[in-house]
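Have a look at the structure below before the remarks.
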Amino acid sequence: MDFTFTEDQLMFREAISRFLMTEAAPETLREIWETADGRCPELRSQMATQGLTALSVPEDNGGLGMGDIAWSLMTQELGYYGIPDSLADTAYVGAGLFSALNDSVVGKGDYLTKICDGELRLAIGHESSPLVADAHLAEVLLLQHGDEVHLVPSEQISDVVNPSIDSSRRLSQVNWQATPETCIASGEAGEKIWNETLNRGALSVAGQLLGLAQRMLDLTVDYSVQRKQFGKEIGSFQAVKHHLADVAGKIEIAKPVLYRAACSLENNHPLSDIHVSQARNFCSEAAALAARHGIQIHGAMGYTWEVDLQMFMKRSWALNNTWGDNIFHKARVQDYVLNSDVDLAPSKTFEEA
Amino acid sequence: MELIFSPEQQSFRMEVRQWLAANVPKEKLPTYDTKAGFELHRQWERKLHEAGFSMVMWPKEYGGRGCDLTDWLIFEEEYYGAGAPGRVNQNGQLLLGSTLLEFGTPEQKSHFLPRMASSDDMWAQAWSEPNAGSDMANISSKAIRDGDHYVVNGQKTWSTRATYADWAFGLFRSEVGSKRHHGLSFLMVPLDAEGVTIRPIKALDGEDAFAEIFFDNVKVPVEHRIGDEGKGWHVAMATAGFERGLLLRSPARFQQPVRKLVKLYRDNKAYADRDPSIGVAVAKCWADAEAYALSAYNTVGRVGRGDKIGAESSLNKVFWSELDLLIHQTAMNILGSSGELLACAPLAEERAYWLEGFLFSQAGPIYAGANEIQRNIVAERVLGLPR
């Protein structure tokens with residue numbers, strides 16, 4: 001029983017956090033928002049230089065060979081700094097999907113190497129969402145068709161952009177035809193890959209939501225110390241303190257739930273589905289409360305375009321229903337607890353009940 | 001990160017499970033808030049101690065088993081899972097015990113800890129006073145040094161199980177004219193000493209669950225002080241940290257009622273599902289209790305790496321006390337009109353388990369530092385908001 005991260009994992013997170021603090025400041029993100037594509041190739045290549053895109057690519061393909069546990073720290077940083085979807089979807093979820101493919105799939109190794117080097121623009125279309133994030137720039141798309149996994153070059157699709165309230169998100173409706181040529185997995189194997197991909201996507205969102213919650217809390221603590229009313233900092237009032245303490249509580253309790261889910265997914269625990277959804281629910285609650293109390297404590301300033309809170313708040317609202325919406329993840333946990341006959345004894349926390 | 005138990009941990013679990021299966025009383029013991037029930041619980045504690053299971057995480061020389069905190073969590077899971085009796089001496093064993101291990105002299109440890117492990121001495125806390133509740137630094141009970149002893153005068157209140165306990169521990173003002181958290185000393189006081197008067201306070205279930213303690217020129221030997229004279233606040237804060245932190249409420253304490261709640265729901269599913277919010281609440285109770293368990297294992301891991309449990313323990317206390325409310329309120333909602341029945345009611349059967357827990361859950365957000373105070377602590381010490 002060891003519920004701790006290795007020094008390597010912790011140091012890597014620290015390095016990425018320091019890098020993003022300077023290179024992905026809110027002003028930079030706002031500039032990227034204004035571009036036509038909404039993406040910044042320089043930032044992507046800098047992140048590749050930092051090793052972020054290599055994190056879970058197998059060592060044989062030039063990567064670092066880490067897994068979900070390491071990503072559970074990194075996705076929090078991506079959330080904290082509001083990094084757009086394509087990085088996590090490509091380097092984490094996409095790398096996981098490619099790694100799970102049969103070695104006979106043509107180009108598997110090349111794609112993994114390109115992910116590792118930060119050179120692949122990838123989009124993943126899962127049936128949990130009618131829209132595909134970052135399809136507009138993708139050179140290839142991994143698309144679900146029932147239990148089939150299709151690897152589709154961008155030339156074979158047409159996309160219709162659907163703008164989101166979160167300017168970081170670039171969503172498209174993708175029109176395409178499933179053909180035998182594009183099918184790279186199907187049947188039981190395909191189903192397993194999609195289920196694992198959904199779990200990995202949900203865990204990626206969970207980590208980002210937790211990072212976003214922490215960012216909104218930090219911004220709000222800062223604001224409550226600067227803003228004065230009745231002659232003193234509003235952060236000295238007990239009603240404000242209790243709002244913020246409750247947000248801190250939601251964040252702290254979500255962390256071990258997220259880490260356990262990552263450990264389960266990495267080790268193919270039979271209850272991975274439940275653990276991932278539980279993590280998603282806890283992180284989602286933390287982000288929702290951080291947004292609610294964040295805007296309340298910011299007052300009217302929180303409702304403006306100018307103050308940065310909106311960037312993280314809107315992102316948390318949008319992510320909250322991606323890679324399985326709230327209803328899906330709540331229902332998965334409820335179904336397990338309410339409709340099974342497992343004995344949920346205290347000794348069963350880490351076991352298959 | 002590796003979330004599986006070692007073969008040694010699994011065999012420890014099996015050993016505990018088998019012993020409990022053979023030894024836990026078949027009939028529920030009467031409440032320890034009565035004299036007879038208190039003594040029956042003391043006998044159970046002795047039996048537990050003889051088998052080496054009283055304080056598994058204490059060193060062997062003090063009556064423990066020398067286990068680590070992961071083993072303690074395993075023990076707790078089995079203990080609550082087996083429906084074993086409530087730990088009547090836990091305020092001493094878990095709170096004072098931890099304090100003595102950290103701050104006690106070798107003599108204090110070797111005298112008090114073994115007697116606490118075996119429950120030869122039963123302990124009550126004596127923190128609150130009529131004018132020092134949430135504002136604990138407002139303590140006014142005095143302990144004035146007179147040679148080799150202190151002379152204690154004043155009044156303590158809300159002292160859980162003091163009606164039948166042998167000893168009490170708490171803070172007393174040892175420096176005349178001192179203010180707030182300065183000049184306090186941490187003392188252990190025998191409750192059979194001359195000048196001690198105990199007046200039971202009936203709790204809302206009608207039992208003598210707590211008491212007022214009056215001190216009238218009570219002589220307490222200096223060697224019953226823990227830590228330096230006038231530095232009691234520091235020692236007490238460490239105790240409060242243990243209490244709110246890991247020890248007082250192990251996760252299994254909530255996982256077991258959740259297990260029963262899930263069963264209660266499943267057995268009454270058709271009836272309960274007429275209000276869909278019931279199922280939602282049941283699933284939330286499971287997820288929260290599980291999260292609390294994960295948080296405990298995570299904390300144990302971090303403590304093992306050398307981290308200290310700080311003000312974040314206040315978050316724990318808020319979390320488990322609110323979870324306990326939700327568990328029992330949800331159970332009462334499922335029980336409907338039979339929820340109000342006392343255990344002695346012919347129709348109550350085993351349902352009174354929920355009423356008892358429901359009543360006690362009302363106290364959770366109040367004792368061990370009111371949740372409002374915990375939230376202030378988090379805001380000021382974790383988030384750095386101005387006082």
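For the reader, a short list of remarks on this structure follows.
- Relative to the Cα centre, the charge distribution of the stretch B:28-74, modelled as +1 at Lys and Arg Cβ and -1 at Asp and Glu Cβ, gives a dipole magnitude of about 200 debye.
- Cα-projected label distance for B:Gln43 with B:Glu356, points at 7 Å along beta-carbon direction, nm: 1.7 nm
- Straight-line cross-link reach from A:Lys314 at under 13 Å between alpha-carbon atoms covers these aspartates and glutamates, not counting any fewer than eight positions away in the same chain: A:Asp166.
- Carbon and sulfur %, accessible surface of chain A computed with the full protein complex present, 1.4 Å: 50 percent
- Selection of trypsin sites (Lys or Arg not before Pro), the stretch A:224-330, meeting DSSP coil and at most 16 other Cβ within 10 Å: A:Arg227
- Solvent-accessible surface ranking, highest first, for A:Tyr92, B:Tyr164, A:Tyr303 at 1.4 angstrom: A:Tyr303, B:Tyr164, A:Tyr92
- For chain B, a Gaussian network of Cα nodes joined below 10 Å ranks B:Ala117, B:Ala345, B:Ala168 by mean-square fluctuation, and the top entry is B:Ala345.
- Computed from backbone phi, the HN-Hα couplings of the stretch A:34-41 come to 7, 6, 4, 7, x, 10, 10, x Hz, rounded to whole numbers (Karplus: 6.51 cos²θ - 1.76 cosθ + 1.60, θ = phi - 60°; Gly and Pro given as x).
- Rounded to 10°, Cα long-axis angle of helix B:35-50 versus longest principal axis of chain B: 90 degrees
- Neighbour net charge for A:Met313 - beta-carbon separation under 14 angstrom, K R +1, D E -1: +1
- Ranking A:Ser72, A:Leu29, A:Gln50 by Cα position along the charge dipole of the stretch A:1-99, where only Lys, Arg, Asp and Glu carry charges on their C-beta atoms, puts A:Leu29 farthest toward the positive end.
- Over 25 Å (Cα to Cα) - which of A:Lys330/B:Lys308; B:Lys284/B:Lys317; B:Lys28/B:Lys60; A:Lys192/B:Lys260; A:Lys330/B:Lys263; B:Lys28/B:Lys260 fall in this group: A:Lys330/B:Lys308; B:Lys28/B:Lys60; A:Lys192/B:Lys260
- Reduction of at least 10 Å² in accessible surface, 1.4 Å probe, comparing all protein chains with the chain by itself, residues of the stretch B:350-387: B:Glu372, B:Arg375, B:Asn376, B:Val378, B:Ala379, B:Glu380, B:Leu383, B:Leu385, B:Pro386, B:Arg387
- Residues of the stretch B:268-309 whose accessible area (probe 1.4 Å, heavy atoms of protein chains only) drops by at least 40 Å² once all protein chains are present, relative to their chain alone: B:Ala283, B:Trp286, B:Glu290, B:Ala291, B:Leu294, B:Tyr297, B:Asn298, B:Arg305.
- Ellipsoid semi-axes in whole angstrom, largest first, where each is sqrt(5λ) of the Cα gyration tensor of the protein assembly as shown: 52, 29, 23
- When the GluC sites (Glu not before Pro) in the stretch A:277-353 are filtered for DSSP coil states and for at most 13 other beta-carbon atoms within 10 Å of their beta-carbon, the remaining sites are A:Glu306, A:Glu351, A:Glu352.
- Remark: the stretch A:236-350 carries a charge dipole of roughly 200 debye about the Cα centre, counting +1 on each Lys and Arg Cβ and -1 on each Asp and Glu Cβ.
- Take the accessible area of B alone and of A alone, subtract that of the pair with a 1.4 Å probe, and the total buried over both chains is about 4500 Å².
- Taken over the stretch A:1-42, the ratio of Cα radius of gyration to 2.2 N^0.38 Å equals 1.69.
- Per residue, the protein assembly as shown exposes an accessible area of 41 Å² to a 1.4 Å probe, with every protein chain left in place.
- Residues of the stretch A:324-353 that bury at least 40 Å² of accessible area once all protein chains are present, compared with their chain alone (1.4 Å probe, heavy atoms only, ligands and nucleic acids left out), are A:Gln334, A:Val337, A:Leu338, A:Leu344, A:Pro346, A:Ser347, A:Thr349, A:Phe350.
- Within chain B, longest stretch clear of exposed GluC sites (Glu not before Pro) (DSSP loop, no more than 14 other Cβ within 10 Å): B:28-193
- Within the accessible surface of the stretch B:45-178, defined with a 1.4 Å probe on protein heavy atoms only, the carbon and sulfur portion equals 47 percent.
- Rounded to 10°, Cα long-axis angle of helix A:7-23 versus longest principal axis of chain A: 70 degrees
- For the protein assembly as shown, size of Cβ-based charge dipole, Lys and Arg +1, Asp and Glu -1, in debye: 2240 debye
- With all protein chains in place and a 1.4 Å probe, the accessible surface of the stretch B:245-382 carries 58 percent carbon and sulfur.
The values are calculated or read from the model by the stated rules, or taken from the named source; none is laboratory data. Source: prediction; values computed, not measured. Cβ atoms come from the backbone with ideal geometry, glycine included; neighbour counts cover every protein chain shown. Ligands, DNA and RNA are excluded from the accessible area calculation, which covers all protein heavy atoms including side chains. Shrake-Rupley method; radii C 1.70, N 1.55, O 1.52, S 1.80 Å.
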